[in-house]
1. Between 22, 49, which is surrounded by fewer than 13 Cβ atoms within 10 Å (Cβ to Cβ), polar (S, T, N, Q), out of contact with any Cys (no Cβ under 9 Å at 6 or more places or on another chain) and closer than 30 Å to residue 285 by Cα?
2. Identify all residues within region 310-326 that are among the polar types (S, T, N, Q) and buried (at least 21 other Cβ atoms within 10 Å of the Cβ); write none if there are none.
3. Quick one: residue 335 ticks every box in (1) buried (at least 21 other Cβ atoms within 10 Å of the Cβ); (2) closer than 16 Å to residue 120 by Cβ; (3) more than 20 Å from the chain's Cα centre (by Cα) except a single one, so which number is it?
4. I want to confirm something. Restricting to region 343-368 and keeping residues that are in contact with a Gly (Cβ under 6 Å, 6 or more places away or on another chain) and in a strand (DSSP E or B), which single residue is surrounded by the fewest Cβ atoms within 10 Å (Cβ to Cβ)?
5. Considering only region 127-136, I want to know if a residue exists there that is of a type in the set (Phe, Trp, Tyr), surrounded by 19 or more Cβ atoms within 10 Å (Cβ to Cβ) and assigned to a loop (DSSP other than H, G, I, E, B).
6. Regarding residue 381, is this residue among the small types (Gly, Ala, Ser), surrounded by fewer than 22 Cβ atoms within 10 Å (Cβ to Cβ) and touching a residue at least 60 places away in the same chain (Cβ under 8 Å)?
7. Can you name every residue in region 171-181 that is modelled with pLDDT of 95 or more and either surrounded by fewer than 24 Cβ atoms within 10 Å (Cβ to Cβ) or of a type in the set (Asp, Glu) (or both)?
8. Yes or no: residue 287 crowded, with 19+ Cβ neighbours inside 10 Å and touching a residue at least 12 places away in the same chain (Cβ under 8 Å)?
Amino acid sequence: MDDLFYASLKDVDRDVFDAVSSEEVRQEGINLIASESLTSKAVREACASVMTNKYAEGYPRKRYYGGCENVDVVEELAIERAKKIFGAEHVNVQPHSGTQANLAVYLAVLQPGDKILSMELSHGGHLSHGYKINESGKIYRGEFYTVNKESGMLDYNEVLARAKEVKPKIIVCGYSAYPRTVPFKEFGEIAEEVGAYLMADIAHIAGLIGANVHPSPVAYADFITTTTHKTLMGPRGAMIMCKEEYAKDIDRAVFPGTQGGPFMNVIAAKAVCFKENLTQKRRNMNAQIVKNAKSLANKLTTIGFNLVSGGTDNHLMLADLTNKNLTGKDAEAALQAAGITLNKNTVPYDKQSPFVTSGVRIGTPCVTVRGMNEGDMDKIATWISDVIENPSDENMRSKIKSEVAELCAKYPVYK
């Protein structure tokens, strides 16, 4: 072995080491990005383990490579633990991302040109749900439903009418920016009535479902996809759950259909994260994520913010800033300068472009994992309001940044 094999990152590549170190510092600020969370030390150790060296095309006990006895163990653990969390009949833990998981489901049951009915992207849907610039919208025909213009919520009758009009092969429910409970039972009824498959993309709310603070789609959906980060607080990756009758088709669609060798280090980390999600402590944390989101939403509403649908049932909310005369893009930049990270986001029926937007998306997973509570949400809401009401006031931003640092010091991420 040469000297590089045993050298540390700091010694081998100081540029990357410095960037990683700076990222650790940045993550000590307030992170309100709804699609992000924080992984445990154990999950990070599994990600950085020697499992990354192993090629393991195929599935446990049916590999195309030798020497897979240990990676078989971690994949089987991940599968069984995921089944236990969600009550699923079949689980595939190999997808590298949520988009790849969704594409694998389409490959398993659709033909090119078949129709996908999903939520309009600007209303809270996802690119991989049939949107035209994504592969899912190029191979298949994306059709869309919307939220009700007055309530900002899904309307069962409106979705049913759209499904009858479109006659899709598959209906997708589960979203990236919808602050309310997803009515999986009703979607199951709609899919049955029009003879469509139902796929639930629970990437954002999987941890909440596992903690029984959001209804589960398992009894109603033919296929369930999810990422393993976000509210599951695991590594960046994904999985597919389905009824047993579709197991072989799904497994073939993942490998060899859309992927080659799985990332066994990430699958090991998925197994760890699933074990964590089986604990009462993690269930309590996911319940607190929802409590914090409701508290933050209530405070923002009280101090004059217009939240899409009027609030939240889950871990996120959308603030329409039209009444604040500020775009989402400018709000994101102003808050970043004050030590608060979130993202600009379109709101339903937005008149701004997706690169500017009329709103921001706000989520509570990261702050909750650190131990912050409802009282802290009141402080955060006040800071958000002060910055957005005075986006050009550098002195105010500087003052708030100091107060943010003081709060964050009470809840350190990396000790």
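1. On the way: 49 fails: surrounded by fewer than 13 Cβ atoms within 10 Å (Cβ to Cβ).
Of 22, 49, the one residue that is surrounded by fewer than 13 Cβ atoms within 10 Å (Cβ to Cβ), polar (S, T, N, Q), out of contact with any Cys (no Cβ under 9 Å at 6 or more places or on another chain) and closer than 30 Å to residue 285 by Cα is 22.
2. Passing the criteria: 312, 314.
3. (2) is the only condition that residue 335 fails.
4. Per the criteria, the residue is 344.
5. Yes - at least one qualifying residue is present in region 127-136.
6. Judged against the criteria, residue 381 is a match.
7. Of everything in region 171-181, those that are modelled with pLDDT of 95 or more and either surrounded by fewer than 24 Cβ atoms within 10 Å (Cβ to Cβ) or of a type in the set (Asp, Glu) (or both) turn out to be 180, 181.
8. On the way: crowded, with 19+ Cβ neighbours inside 10 Å: no; touching a residue at least 12 places away in the same chain (Cβ under 8 Å): yes.
Criteria not met by residue 287.
The values are calculated or read from the model by the stated rules, or taken from the named source; none is laboratory data. For clarity, every value in this text was computed on a predicted model and none was experimentally measured. Virtual Cβ from ideal backbone geometry, glycine too; neighbours counted across all protein chains shown.
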